[in-house]
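Take a look at the structure set out below.
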Amino acid sequence: AQTVTQSQPEMSVQEAETVTLSCTYDTSESDYYLFWYKQPPSRQMILVIRQEAYKQQNATENRFSVNFQKAAKSFSLKISDSQLGDAAMYFCAYRSGRGGADGFTFGKGTHLIIQP
Amino acid sequence: EAQVTQNPRYLITVTGKKLTVTCSQNMNHEYMSWYRQDPGLGLRQIYYSMNVEVTDKGDVPEGYKVSRKEKRNFPLILESPSPNQTSLYFCASSPGRGTDTQYFGPGTRLTVL
């Protein structure tokens, strides 16, 4: 079974600075997807960014980018120019690419605090 | 508007009183899932469905039932709720096999007294 580990229960960053959230995963599969979801106080799950394992290029979405290290099974999220609206729980998630079970395996989350 | 809806959004009930949380999606997605979210545990999958009449257990299925009689609906049934089922529940759907993104409903906060 796959596991996803987020080793930072809570992170704090000054507004406008850069912060990196860590995620490692364990799998024996070669085809899979990785995601970062944001959960603000509204509790809605919002997709931030995704990465296909077969792609070597790191995904980028505006101020959000990932550092995908497939051999190390690491998938960190970098948030540049942090804004107050970035304050939320962030979940790293894994999904198998082989079909069958359709669910994600989630990490336990990192609570991101933005200091004004 | 493409969306996943859940009802009710909030529910307080008592031990043993059967309840159903509905989930509906208007995107013609084949795949639907239920998750529960608990502090410090992240999201854990309860059940999933790959199509109409096709369902299977996730990681924490005990105490729950599901059905998938129509493509758009995937209700979660608690036949005899217990306090340890107090949680935040999410329904999610995705387009189909090999497609990666899941779209989440707004969540249902359930309290079992």
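The values are calculated or read from the model by the stated rules, or taken from the named source; none is laboratory data. All values derive from a computational prediction rather than experimental measurement. All Cβ positions, even for glycine, are placed from backbone atoms using ideal geometry, and neighbour counts span all protein chains on display. Calculation scope for accessible area: heavy atoms of the full protein, side chains included, ligands and nucleic acids excluded. Shrake-Rupley method; radii C 1.70, N 1.55, O 1.52, S 1.80 Å.
Sub-8 Å Cβ pairs linking a first residue in the stretch A:66-95 that is away from chain B (no Cβ under 14 Å) and touching a residue at least 40 places away in the same chain (Cβ under 8 Å) to a second residue that is in a strand (DSSP E or B) and of a type in the set (Asp, Glu), at least 6 apart or interchain, are A:Lys73/A:Asp26, ordered by first then second residue.
Of the residues making up the stretch B:48-81, those that are at the interface with chain A (Cβ under 9 Å from one of its Cβ atoms) and open to solvent by 30 Å² or more (accessible area, probe 1.4 Å) are B:Met50, B:Asp56, B:Asp59.
Looking across B:Leu88, B:Leu11, B:Leu43, one residue alone is surrounded by 15 or more Cβ atoms within 10 Å (Cβ to Cβ), more than 10 Å from every other protein chain (Cβ to nearest Cβ) and of a type in the set (A, V, I, L, M, F, W, C). It is B:Leu11. Please find, within the stretch B:14-40, the residue that is farthest from A:Trp36 (Cα to Cα) out of those that are among the hydrophobic types (A, V, I, L, M, F, W, C) and open to solvent by 10 Å² or more (accessible area, probe 1.4 Å). So the residue we want is B:Val14.
Take the residues in the stretch A:71-107 that are of a type in the set (D, E, K, R) and modelled with pLDDT under 95, then tell me which one is surrounded by the fewest Cβ atoms within 10 Å (Cβ to Cβ). Break it down stepwise before answering.
Taking the stretch A:71-107 and keeping what is of a type in the set (D, E, K, R), we get A:73, A:78, A:81, A:86, A:95, A:98, A:102.
Those still in the list that are modelled with pLDDT under 95 too: A:95, A:98, A:102.
Details: A:Arg95: 22, A:Arg98: 12, A:Asp102: 24.
Ranking the qualifying residues of the stretch A:71-107, first place goes to A:Arg98.
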